[in-house]
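Reading through the structure tokens given below for one structure.
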Amino acid sequence: MKAHLLYSGRDFDFTAGLPAGHENLIQDLELATLLGAMAAGDKFLYEVSAKILLASLDDPEAIRYRQQVLADCLAQPEAIRQMYAVAAGALQDKRHMWGYGGSYQNASSNLSGAVSYLEAYVARLRQLRQIADDHAGKFSSGGLTALFATLQRELDDEYFEEISDHLKQLRFRAGVLISARLDRDNSGTGFVLRAPEQARRRWTERLGIGPRAAYSFTISPRDEAGGQILADLTSRGINLVANAAAQSADHIGSYFTMLRAELGFYVSCLNLADRLAAKGVPVAVPDPVPPSPLTFSCTDLRDTCLALQSPEPVTGNDVQGDGKSLVIITGANSGGKSTFLRSAGVAQLMMQCGLFVTAQSYQANVTRGIFTHFIREEDTGMTSGRLDDELRRMNVIAGQITPGCLMLFNESFAGTNEREGSEIADQIARALLDAQIKVFYVTHRFGFADRFRRQHAPTTLFLRAERQPDGSRNYKLTVKDPLPTSFGEDLYYRLGGWLEEDKSLTQASDAATLNGEPGRCSQVRQTSETAAMRPDGPGTR
């Protein structure tokens, strides 16, 4: 049996490695927050979610296949959680059995262990069949209807009756009947395991009257050599059956392993949906379209990870960027540029793994991969400067990225002056665009942005984070040309005002000390510490 809940025609490869550049994706897009919400504290769900989220699909139809399965899961969450619990329970049962993970010494032990596993698996298969009988009519997606139909067809009453009978026989409670013949050297050969029914003697034979169908002898309990020989003969007779039973147990175990992994992704989606619903965050089913023509449009798109972290509602953005191969985001400091960039990257990942997105609507062309190059804090342990580190990371990306991918830059190449940084950014962006790679670029480099405005305006979308007349930010991006300023003076005045206030408080504290007023000195110090922690203190955004 196959699950086929993630792919219509093949199984999910849980052993596959993560794509190139996944470490940067997780760090730059803050995906640990998203994966943590999906896992809800379950280590296995975290691992499954990471593998599926980062292994993006690039076929719109394959994405829609998952979207339909997810829609069914969201409509019937309890049934999905029940099935996942059965699959996880089956694997847990095996771990709790004696001898799990070890190797048996002989065929008898192998057979006994395999039968024990099969008996536990059959009990779990009965539970799956019952769930299918109770809920099959409630699902409409291709993946789940096929799964339930398979469970009801393959796990019918006749199957359970037959397998129960076989397992009962394999316990050999009436002994083992084996036939063999002598070879030319009088050694045993041609060992065949016979059905237990053939071991029953006629009543006349049991009473000692009439002709005997077989002759027997009894080995003394102290005859260790004879007992060992008999055990060896038994092992040779049941060896094929033991191997077959072990293979059957492994086969059913593999099915439960696959079912747990594939259902685990959808359980993670249910966990995420619950978290977002509790915070009142809107979600929508995205519309994936083929790689060409370039498409990107969204309504009320929000950064999913920020929405999960923030106690307050997160501002969304409306963007229409169809046909644009380059999106340049400029504008006021702390105006929401990086937040929008992360929201676009996370939404693309969520769409291409079959998930919903945190927006009112979202449509984008699929990409072959997503790469990020974000500004990093300078590492004091680096043997080279920040610019060298940025160029090194860009060189690694250049060896991995391919046409049809999406590249996200956030304040890249800021470790040098305006002229040099703009030139580096310009050459790299042009090379990526020439290679048919879509680029989103957050920058304060006016020279870089203005050059594209003058030379490539038709294929470039310019978004700008606005500054309100009173200096506040509404975190909304609008379609506007770049400005030569990012309003850094706002941060300067905010920091300067705080410093002036802190200076006056410090002077008051010193005066209180000189005047012999320790109580007032302590109060002034507390006021100063409170000012340092308030929202308009230094370091806030």
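The values are calculated or read from the model by the stated rules, or taken from the named source; none is laboratory data. Computed from a predicted structure; not experimentally measured. Neighbour counts are summed over all protein chains in view; Cβ atoms, including those assigned to glycine, are modelled from backbone coordinates with ideal geometry. Heavy atoms of the whole protein, side chains included, go into the accessibility calculation; ligands, DNA and RNA do not. Shrake-Rupley method; radii C 1.70, N 1.55, O 1.52, S 1.80 Å.
Taking the solvent-accessible surface of protein heavy atoms with a 1.4 Å probe, what is the per residue accessible area of the stretch 366-470 in Å²?
47
Please report the Cα spread of the stretch 235-348 along all three principal axes, rounded to whole Å, starting with the longest.
So the three principal-axis extents are 81, 38, 23 Å.
Are any of the pairs Lys43/Lys337; Lys2/Lys51; Lys94/Lys168; Lys337/Lys438; Lys324/Lys480 more than 22 Å apart by Cα-Cα distance, and if so, which?
Lys43/Lys337
Which FRET efficiency value, to the nearest 0.05, do you get for Phe44 and Arg184 by plugging their Cβ-Cβ distance into 1/(1 + (r/R0)^6) with R0 = 51 Å?
0.35
To the nearest whole percent, what portion of all C-alpha pairs in the stretch 1-130 is separated by more than 23 angstrom?
In whole percent, the share of Cα-Cα pairs in the stretch 1-130 beyond 23 Å is 50.
Counting Lys +1, Arg +1, Asp -1, Glu -1, what net charge surrounds Asp156 among other residues with beta carbon under 12 Å of its beta carbon?
Residues close to Asp156 contribute a combined charge of -3.
Relative to 2.2 N^0.38 Å, what does the C-alpha radius of gyration of the stretch 318-463 come to as a ratio? Two decimals please.
On the way: Rg = 15.2 Å, N = 146, 2.2 N^0.38 = 14.6 Å.
Relative to the rule-of-thumb radius for its length, the stretch 318-463 sits at 1.04.
Let me check I've understood the local charge: for Gln348, count other residues with C-beta under 12 angstrom from its C-beta, Lys and Arg +1, Asp and Glu -1. What total comes out?
Charge balance near Gln348 sits at +2.
Label-point separation (nm) for Glu377 and Asn243, each offset 7 Å from Cα along Cα-to-Cβ?
It is 6.0 nm.
Quick one: if the Förster radius is 22 Å, what FRET efficiency do Arg153 and Arg10 give, using the C-beta to C-beta distance and rounding to 0.05?
That pair, Arg153 with Arg10, gives E of 0.60.
Quick one: compute a quarter of the convex hull surface over the Cα atoms of the stretch 316-389 and quote it in nm².
Result: 7.2 nm².
Could you tell me what percent of the accessible area of the stretch 5-127 is made up of carbon and sulfur, with a 1.4 Å probe and every protein chain present?
50
Using a 7 Å offset from the Cα along the Cα-to-Cβ direction at both Asp133 and Asn417, what is the distance between the two label points in nm, to one decimal?
According to this spin-label approximation, the distance is 8.1 nm.
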